[in-house]
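Here is the structure we will look at, set down as structure tokens.
Nothing in this text is a laboratory measurement; each read-out follows from the coordinates by a stated rule. If you're wondering where the values come from, they're calculated on a predicted model, not measured in any experiment. Glycine also receives a Cβ, built like all others from the backbone with ideal geometry; neighbour counts cover every protein chain displayed.
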Amino acid sequence: MESKHLTDAEIQDYLDGNAVREDSAVAEHLDSCGLCKKNLELYKCLYSGLSDGAGYELSVDFADKVVSSVGLGESRGFFRRYANVLVTIIGTVAAITALYYFTDIPKIIAGGAWLGWFDSIFKGRIYSSMTGYASSAGNTVSLIISGVLALVTIWVVDRFMIRSKRRPSSLVI
Amino acid sequence: MDEARDLVNRILAGDAKAFKSLVEQNQRLVSHIVFKMIPNETDREDLSQDVFMRVYRNLGRFEFRSKLSTWIARITYNTCGNYLEKKKIPLYEDLAPEQKTIDSCAGANPLPDEYTEKQEISDRLREEVDMLPIQYKTIITLYHLDEMSYTEIGGIMKLPEGTVKSYLFRARKLLKERLTARFQPEELWNPNT
């Protein structure tokens, strides 16, 4: 050990704190070997220079620029703030209305209409209205079931398609 | 990690102050990578801004499998990689023995006389680092300035740990040789200079 000089890799390992040889053995060698000590000092100088963080400055207001560029922190008008809520309400009403007028849910649920399911779905309410089939009691049940189904649909879309991505809504790129 | 999770949740809830805090905490790291990888000075700030916009856009997908800073560094590295690809600047180069040095580089300005020896050494070293291939100088920067481990650097640059260590050692050895070719060893470590 005393007669064999340390390699560049060993000196770097020593300075990095990953020495393969015992630290004490390396230190002992460095005490007795001027050449290796000189090499160590060169590396120390190099490490010191490499840790100099000058010259990497971004503009002083960089963080503010970034925040404003993504649209965070800007005051938004009433409509923009509640746009999502309004869209959800309008969508829910539209879905319930569509289900109510274009299907005959109780008829579908009652089953036994395997072959007639197409008629039930696509002609249900309109067909019934036209033929005077629907009673007011039937309409109420249809409305309730349609409403529940619409809400379940909206929840599924929200939970698995929108929230799973969790993207901030105010991003402007 | 809990602090990072809290910060992310606040940003996702639309907290501008939290996002500003994230930018301030990580802009140094981002600038280290961008400044080392991007040769065009005028594009650096825009690119740094682009990095944080990507961070913001993808924050909801961060799964806390690594440190937030490591994830941001990876986005920075990829953003710079895409930029270099567009500009047709090679990201992967090896340290060739005939690699040009500052002395052979046309346009290298002589250092002003009033510079002290220490400043001259420091400037020379920075210039020599800038002359290294992009991957080498990025590894050096992440290791020495951002104090990242080989594993973290490997994760950011998609390189095996052994390769990171090998590149780092080779680059430092080369830099030491270039410094000693220009300066007397005593000049380099004498604290009075």
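Rounded to the nearest whole Å³, what is the per residue volume of the convex hull around the Cα atoms of the stretch B:2-86?
89 Å³
Hand me the chymotrypsin sites (Phe, Trp or Tyr not before Pro) from the stretch B:34-65 located in a DSSP loop with no more than 15 other Cβ atoms within 10 Å, in residue order please.
Those that pass, being in a loop and sparsely packed, are B:64.
Along the charge dipole of the stretch A:8-50, which of A:43, A:14, A:27 sits closest to the positive end, that is, farthest toward it, with unit charges on the beta carbon of Lys, Arg, Asp and Glu (+1, +1, -1, -1)?
Final value for the positive-end residue is A:43.
Distance cut-off 19 Å, Cα to Cα: go down the list A:37/B:165; A:38/B:137; B:36/B:86; B:86/B:165 and report the pairs above it.
The pairs that break the limit, which is 19 Å between Cα atoms, are A:37/B:165; A:38/B:137; B:86/B:165.
Take the alpha-carbon positions of the stretch B:15-62, form their convex hull, and give its projected area averaged over all directions (one quarter of the hull surface) in nm².
Averaged projected area of the stretch B:15-62's Cα convex hull equals 3.6 nm².
Please list, by residue number, every one of the trypsin sites (Lys or Arg not before Pro) in the stretch B:1-87 that is coil in DSSP and has at most 16 other beta-carbon atoms within 10 Å.
B:65, B:67, B:87
Taking 20 Å as the cut-off for C-alpha to C-alpha distance, list the pairs among B:87/B:173; A:44/B:173; A:65/B:17 that go past it.
The answer is B:87/B:173.
Give me the one-decimal nm value for the distance between modelled label points at residue A:148 and residue B:25, 7 Å along each residue's Cα-to-Cβ direction.
Result for the modelled spin labels: 4.6 nm.
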